[in-house]
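See below for the structure under consideration.
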4 protein chains.
Amino acid sequence: MKKELKLMKGNEALAEAAIRVGCDAYFGYPITPQSEILEYLTKEAFNRTGMVVLQAESEIASINMIYGAAGCGKKVMTTSSSPGISLMQEGISYIACAELPCVLVNVVRGGPGLGTIQPSQGDYFQSVKGGGHGDYRLIVLAPSTVQEMVDHVKLGYELAFKWRNPVLILTDGALGQMMEKVELFPQMERTNEIFPWATTGKTKERERTVITSLHIQPDKMQEINLHLQKKYKEIEKEEIRYEMINCDDAEIVLVAFGLVARICQKAAQLARTKGLKVGVFRPITVFPFPYNEMKNLADNMKGYLTVEMNAGQMVEDVKLAVNGKIPVEFIGRMGGIVPTPEEILYAIEEKFVGAAV
Amino acid sequence: MKKELKLMKGNEALAEAAIRVGCDAYFGYPITPQSEILEYLTKEAFNRTGMVVLQAESEIASINMIYGAAGCGKKVMTTSSSPGISLMQEGISYIACAELPCVLVNVVRGGPGLGTIQPSQGDYFQSVKGGGHGDYRLIVLAPSTVQEMVDHVKLGYELAFKWRNPVLILTDGALGQMMEKVELFPQMERTNEIFPWATTGKTKERERTVITSLHIQPDKMQEINLHLQKKYKEIEKEEIRYEMINCDDAEIVLVAFGLVARICQKAAQLARTKGLKVGVFRPITVFPFPYNEMKNLADNMKGYLTVEMNAGQMVEDVKLAVNGKIPVEFIGRMGGIVPTPEEILYAIEEKFVGAAV
Amino acid sequence: MKKELKLMKGNEALAEAAIRVGCDAYFGYPITPQSEILEYLTKEAFNRTGMVVLQAESEIASINMIYGAAGCGKKVMTTSSSPGISLMQEGISYIACAELPCVLVNVVRGGPGLGTIQPSQGDYFQSVKGGGHGDYRLIVLAPSTVQEMVDHVKLGYELAFKWRNPVLILTDGALGQMMEKVELFPQMERTNEIFPWATTGKTKERERTVITSLHIQPDKMQEINLHLQKKYKEIEKEEIRYEMINCDDAEIVLVAFGLVARICQKAAQLARTKGLKVGVFRPITVFPFPYNEMKNLADNMKGYLTVEMNAGQMVEDVKLAVNGKIPVEFIGRMGGIVPTPEEILYAIEEKFVGAAV
Amino acid sequence: MKKELKLMKGNEALAEAAIRVGCDAYFGYPITPQSEILEYLTKEAFNRTGMVVLQAESEIASINMIYGAAGCGKKVMTTSSSPGISLMQEGISYIACAELPCVLVNVVRGGPGLGTIQPSQGDYFQSVKGGGHGDYRLIVLAPSTVQEMVDHVKLGYELAFKWRNPVLILTDGALGQMMEKVELFPQMERTNEIFPWATTGKTKERERTVITSLHIQPDKMQEINLHLQKKYKEIEKEEIRYEMINCDDAEIVLVAFGLVARICQKAAQLARTKGLKVGVFRPITVFPFPYNEMKNLADNMKGYLTVEMNAGQMVEDVKLAVNGKIPVEFIGRMGGIVPTPEEILYAIEEKFVGAAV
């Protein structure tokens, strides 16, 4: 089959992928810099596959519609940007507890508050530690190209249904707006599979299905928590994804996810032209986080430099991975500002080589 | 002056403290296990001090009323329990960015989801890492007695106004329901101080005040972020509070906050009767977190055992503090179940002494 | 073609008719005694025709989704019962002003307030005089059989699209729950007609379409009002529907709509056995109201007796029709209670024959 | 005591009256042309009397807060303009059924829909026939001067508490914005009267009070309806208020409420200079409506001309009053346009004198 290549904006590519993966329903509310997703789906989805696309009353309505529709065993998606995702935290905790599959997308903008509409990675903690209440985990994918904006939708649904767990695609306003050539996967069938856990209506052949996150008895609630924690451990064993670029001989390794990882690659190249052995470690899943891989790599290195578009969030996970073996440094930009390769190079020299020239 | 001692439930004591500290307004929505706060205030507050007490339409309405009223420079409070606090995450991020003082209270119940109404510490990450979006921090106080439920209200407003930052009192359903003798501080005046940053109406004498968290220009948003981060560093320098119990000669130190710290004290006593030198480190502020104090203490110890009513959250901060110097172990209970001293003792023996008998 | 006869509940028959008429979308929120409509559609609609069926966040969300979807030129429906319809009054006024076609259904229950779940006609005024603000009119159809519950859905969409006006089917809890044999019309195609007034997206071939009910300039707003009033006058000329039963020789005519008209027929029969010449006038459209037909009939009569399940609402329209020519009496029951033929007979005798025996 | 005269805008005068009458709480949401009420109260009320003034989340929240606070036996008020009042219809029906006293204010703007912000009387039907569901009635006061905007607040609370019924002040955008000299009544005490029907908390001395509008048993709901209807009949007997100006010898009488009645007075003067005996009948209460007074007056007249800022609403009540005795004509303006005395004079001549010159 011939490859289908297309020049697309990140947000539109993600929306196109949602249609092609056979999504059954999208519920969302507009917010910059991701409104193109809703707009694209509104125009394209229903006529092509019958996919329901609904602008809900609010982000709260959206996430609760996701809860309901996911409970029917359907492929459902919502997308928003930082403040909108904050509004969904209660619902996300419910869905995680009820173990329902769905794909959520956060096209992060600079915060806190209404902040700016420029790109940011300021929602890392919210995404991986749990912005909602209670001990739950999302599987968090961090695309760094428009191609991955497409691929992670497909991967997202595979993981969501495999583990019956919400998957969050953690991207940012720059990736959402950026145009790149993407290879699109062929249109997939919307399935009518009836899952045993889904509330599809009681028939003679099956038991009544109840989906809830309310378990008043502590024993029952403890049991559910133990089950969830066991599942998260398995996810940590099986689903870690990452990329190492020129790390074999590296003395200094830049750690970055998403868009920033691409800038780090450029910075590493600049560094190598100056004789500095610099590599890049890019977590693709930020939960589960590649703690062991990062720890093992540390054995023959001088130090890690974590680069983020925030005040320093993932750096805590890098430190937890390394556990004191080698220094873990941090450089970040905030307010919607993207760091440049030169800034990163400067930080490498300053922190690891001695006073930068 | 004679001390005023009273036997009170934690929730009621906290409500009484809110009246006495001269709170101007309370906005909230009922949820177990903290509805007594709203009920107590409804009955007592208005007639005694003119304090406005309002049951809002929802938790979202509550936090936005807090945003508005805090912007007027008033002493305002909302309280809720886990799912209700998740609903407030957008608003909390706005308030933190706008640098407004207020006191929020989370009487944590077992999650995730609707969970159980029993006590839990499952919202630690949400509280200290930021459940909302963007880089912001709450000052988080963790009372471990009904007395501290009272004292932290007073301390909370002092810190909130000193730093113009929201303060979260992170407590739990057991402390809220527990009756203990408390010493109440005397009724304070409600003040009519006009703060220069507050939106109290433009007069001839003063400039127009604008409170917002929206700053479209990245430069401006970066500036705000740098200012916030600088403030958080200062808070980390000045406001750390903690308690060390029998740590001088301790080889093993239990780390716990809130209610669990009391159980740890009992466990430590049991351990000492068995000849094990065990102490307790209780962070009172969990943000700012006593990283240095914990690191320094580690020099002459065998290991830390973090005890939490969750799947392991604060333990990450303990590990970050220790940075590999000594082992950091964890024991936790979930689903609203409170660990017993015996379980903790068993864990000490198992993890540090060798196979428990 | 063979007739398709089926024994069905009123609510389900109406839902089935919505599918068969080619409805594109249903938005609603459950409330007794009409929740079967949402339930039936949820089970049946999407798989048969791709019709979107959505349980919205509330009645307010429902009516605003109706506003949006009707603006796209789609066949859309919402249903509710009395309190739920009250919540929609703002939205209904917007839709009427924006001249959008849609079918609304009120399965009336006894009010005011939450009232009872038993049948009532207490929402007549709200339906025909305008429960919302401003001078607007709904076309209001009042079925009196399960068959008409079906037929009025088809008729409703014809009128709604012919006049670009919301149509209200005013029925009640008894008709909704009653089982009768109905003849169903065959499945109609969902159309893809692009209406010039609909917001279907600007293309090269067509002008931008704007749908709004906001017109700040009084001149413009007056023009819109004059246009609406002209339309309502035409509707009053062309669309009046009613039924007269044994009125040719009648000296006393019972006026009733909906379910009560059937009870009146029985009462008229009883009266005739007693030698009283009694007929029944049943308005099928209550807006437009058959004022002239009722006035003309009055010429050779002794009096009208209006029978309603309320405190006397349509009776005002009967009086306006008759304008003093002959007496207009009223008998009604409230609180969800349905009058019996005997009660009505008694009222006839009491009011027109002299003291009843 | 010296009279307190002040030049005030209608909206502000009404707000000032709310403070002086000893209102306990105001809940509202801003909408043109009545936002000055909320603004004035925000600035003035709390400091002067401790009156709670709260901008709620929406009009729905406002009316439900009114429901709750009125249930405590407090003097409560909300105000809005047409679309906002439509949003309150469910709540108003609940409050009417639960028989709670409160004062609601509709500063009517031109509709339907969002319409215009100019004045209108398009909400007459909604106000007097019941925009909400079920058989209920509001006592509706129609001020025609800024002075009456003040006086009707006082009268409103007297009637609301006397009859335990919501009172609606039906005014318009022109009266709200108009400045006139008013005489203010002196500040009244906020009372702490504990009403036997109010939910003020069960004590040893009193029975539990339950306020509800839900009565599932039809018998009970019928009983409540009969009680309400009986009350409305008594209100119709006791509370009718109206003004007749130069009607003694009038052959033609203009009927108008609110602002329009003043324009009618001017039109009547113009008519008299032309030799036409014209008077003005101004209902002050539009429910209860002065049916009998209008009927009796008709005996020696040629005809009524109803003048309204709408498409013809009160004219139906005038016709019901007259019941065919004499002609009842109508002239109206819509879209926020106020009729001029000349237009009215022209209509008098055209309709009653023969072709106007």
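The values are calculated or read from the model by the stated rules, or taken from the named source; none is laboratory data. Please read all numbers here as calculations on a predicted model, not as lab measurements. Glycine gets a Cβ as well: all are built from the backbone with ideal geometry, and neighbour counts include every protein chain shown. Surface accessibility is based on the protein's heavy atoms, side chains included, excluding ligands, DNA and RNA. Shrake-Rupley method; radii C 1.70, N 1.55, O 1.52, S 1.80 Å.
Most mobile of B:Gly134, B:Gly22, B:Gly336 per a Gaussian network model of chain B (Cα springs, under 10 Å)?
Checking each option, the largest mean-square fluctuation is seen for B:Gly134.
Straight-line reach from A:Lys3: which lysines have a Cα under 26 Å away, not including same-chain ones fewer than 8 places off?
Cα-Cα hits under 26 Å: A:Lys43, A:Lys75, A:Lys154, A:Lys181.
Considering only protein heavy atoms, what per residue accessible area in square angstrom results for the stretch A:29-173 with a 1.4 angstrom probe? Spell out each step's value before the answer.
Details: 3050 Å² over 145 residues.
Per-residue accessible area for the stretch A:29-173 comes out at 21 Å².
Would you mind listing how long the stretch C:204-247 runs along its three principal axes, going by Cα atoms, in whole Å with the largest first?
Cα extents, longest axis first: 57, 31, 13 Å.
Stokes-Einstein diffusion coefficient for the stretch B:133-262 at 25 °C in a medium of 0.890 mPa s, Rh from the Kirkwood formula over Cα pairs: what value in µm²/s?
Approximately 134 µm²/s, per Stokes-Einstein.
Helix C:59-70: angle to the longest alpha-carbon principal axis of chain C, degrees 0 to 90, nearest 10?
Helix C:59-70 and the main axis of chain C meet at about 60 degrees.
So, with a 1.4 angstrom probe, what is the percent of accessible area on chain C that is carbon and sulfur?
51 percent
What residues have an amide H closer than 5 Å to that of B:Asp123, excluding those fewer than 5 places away on the same chain, when H is modeled at 1.01 Å from N in the peptide plane?
Excluding prolines and chain starts, which carry no amide H, the hits are A:Gly134.
Roughly how large, in nm² to one decimal, is the mean projection of the convex hull of the alpha-carbon atoms in the stretch A:231-293?
The number I arrive at for the stretch A:231-293 is 4.2 nm².
Between copies, how far does the label point of D:Glu4 sit from its twins, in nm, shortest first, when each point is 7 Å from Cα along Cα→Cβ?
From this label point to the equivalent ones elsewhere in the assembly: 3.5, 7.3, 7.5 nm.
Among B:Pro166, B:Pro339, B:Pro33, determine the one that fluctuates most according to a GNM of chain B built with springs between C-alpha atoms less than 10 Å apart.
Of the options given, B:Pro339 has the highest mean-square fluctuation.
Output, in nm with one decimal and in ascending order, the distances from the A:Lys220 label point to the matching label points of the other copies (7 Å from Cα along Cα-to-Cβ).
Label point to label point, same position, other copies: 3.0, 5.2, 5.8 nm.
Pull up all non-local amide H partners of B:Phe287: gap of 5 or more, or a different chain, and H-to-H distance under 5 Å with H placed in the peptide plane.
B:Val140
Given the Cα atoms of the stretch C:199-336, and with Rh set as the inverse mean 1/r over their pairs in the Kirkwood sense, what is Rg to Rh to two decimals?
Result for the stretch C:199-336 is an Rg/Rh of 1.19.
Of D:Lys266/D:Lys302; C:Lys233/D:Lys266; C:Lys233/D:Lys237; C:Lys74/C:Lys295, which ones are farther than 28 Å apart at the Cα?
C:Lys233/D:Lys266; C:Lys233/D:Lys237; C:Lys74/C:Lys295
Going from the alpha-carbon gyration tensor of the stretch A:274-319, what semi-axes, largest first and in whole Å, does one get by taking the root of 5 times each eigenvalue?
19, 15, 10
Give me a comma-separated list of calculated 3J(HN,Hα) values for the stretch C:29-42, in order, Karplus coefficients 6.51, -1.76, 1.60 applied at θ = phi - 60°, integers in Hz, x for any Gly or Pro.
9, x, 7, 5, x, 9, 5, 4, 5, 4, 5, 5, 5, 4
How far is A:Glu343 from the same spot in each other copy, in nm, shortest first, if each label point sits 7 Å from Cα toward Cβ?
Here A:Glu343 shows inter-copy label distances of 4.6, 6.3, 7.8 nm.
With N set to the number of residues, divide the alpha-carbon radius of gyration of the stretch D:96-150 by 2.2 N^0.38 Å and report two decimals.
Values: Rg = 12.8 Å, N = 55, 2.2 N^0.38 = 10.1 Å.
That works out to 1.27 for the stretch D:96-150.
Got a sec? Which residues of the stretch D:90-112 lose 50 Å² or more of accessible surface with every protein chain in place, vs. that chain alone, 1.4 Å probe?
D:Glu90, D:Pro112
How big is the Rg/Rh ratio for the protein assembly as shown, C-alpha atoms only, Rh by Kirkwood, two decimals?
Rg divided by Rh gives 1.01.
Quick one: putting +1 on the C-beta of Lys and Arg, -1 on the C-beta of Asp and Glu, what dipole do you get for the stretch D:1-63 around its Cα centre, in Debye to the nearest 20?
On the way: 7 positive and 9 negative charges, 86 e Å.
That gives a dipole near 420 debye.
Using θ = phi - 60° and the Karplus form 6.51 cos²θ - 1.76 cosθ + 1.60, what ³J(HN,Hα) does each residue of the stretch A:161-166 get, whole Hz, x for Gly and Pro?
7, 4, 9, 6, 8, x
Report the residue, chosen from C:Met179, C:Met51, C:Met188, that carries the largest GNM mean-square fluctuation when chain C is represented by alpha-carbon nodes joined by springs under 10 Å.
C:Met188
Under a Cβ-Cβ cut-off of 11 Å, what is the net charge of the residues other than A:Gln121 that fall near it, where Lys and Arg count +1 and Asp and Glu count -1?
On the way: positive: A:Arg109, A:Arg333; negative: A:Asp123, A:Asp172, A:Glu308, B:Asp135.
Neighbour charge sum, excluding A:Gln121 itself: -2.
At q = 0.07, 0.14 Å⁻¹, what base-10 log of I(q)/I(0) does the Debye formula yield for chain D when every alpha carbon is treated as an equal point scatterer in vacuo?
Result of the Debye calculation: -0.31, -1.14.
Can you give the average number of partner chain beta-carbon atoms within 10 Å of each beta-carbon in peptide D:334-341, as a whole number?
On the way: counts 11, 13, 9, 5, 1, 0, 0, 0.
Counting other chains' Cβ atoms within 10 Å and averaging over D:334-341 gives 5.
How big is the Cα convex hull of the stretch A:70-223 in projection, averaged over all directions, in nm²?
Its average projected convex-hull area is 10.7 nm².
Quote the total accessible area buried by chains B and D together, excluding ligands, DNA and RNA, probe 1.4 Å, nearest 100 Å².
Chains B and D together bury approximately 800 Å².
Specify whether the C-alpha gyration tensor of the stretch B:1-114 places it in the rounded, prolate or oblate class, a ≥ b ≥ c being the square roots of the eigenvalues: rounded for a/c under 1.5, otherwise prolate if a/b is larger than b/c and oblate if not.
Oblate shape, in that a/c is at least 1.5 and b/c is the bigger or equal ratio.
Need the C-alpha centroid separation for the stretch D:118-156 versus the stretch C:179-225, integer Å.
Using only Cα atoms to place each centre, the spacing works out to 34 Å.
Rounded to the nearest Å, what's the spacing between the alpha carbon centres of the stretch D:59-85 and the stretch A:52-105? Just the number, please.
33 Å
Please state the equivalent ellipsoid semi-axes for the stretch D:171-244: what are the square roots of 5 times the Cα gyration tensor eigenvalues, largest first, in whole Å?
One finds semi-axes of 35, 24, 14 Å for the stretch D:171-244.
Just to confirm the number: angle between the C-alpha axis of helix C:10-20 and the first principal axis of chain C, 0 to 90 degrees, nearest 10?
Relative to chain C, helix C:10-20 is tipped by roughly 40 degrees.
On the rotation axis linking copies B and C, which residue of B comes nearest by its Cβ, and by how many whole Å?
Closest Cβ on chain B to the axis mapping it onto C, in Å: B:Ser58, 6.
Please list, ordered by chain and number, the residues whose modelled amide H lies under 5 Å from the amide H of D:Asp172; skip anything fewer than 5 residues away on the same chain.
D:Val108
Tell me, what HN-Hα J-couplings in whole Hz come from the Karplus equation 6.51 cos²θ - 1.76 cosθ + 1.60 at θ = phi - 60° for each residue of the stretch C:270-276, using x for Gly and Pro?
Working through the residues one at a time gives 4, 5, 5, 5, 9, x, 8 Hz.
Which value in Å does the Kirkwood hydrodynamic radius of the stretch A:286-349 take, with 1/r averaged over all unlike C-alpha pairs and then inverted?
On the way: mean 1/r = 0.0804 Å⁻¹.
For the stretch A:286-349, inverting the mean 1/r across all distinct Cα pairs yields 12.4 Å.
Leaving ligands and nucleic acids out of the surface, order B:Tyr94, A:Tyr291, A:Tyr124 by accessible area at 1.4 Å, largest first.
In descending accessible area the options line up as A:Tyr291, B:Tyr94, A:Tyr124.
Using a 1.4 angstrom probe and counting only protein chains, how large is the accessible area of A:Lys75 in Å², to 10?
Ignoring ligands and nucleic acids, A:Lys75 comes out at about 30 Å².
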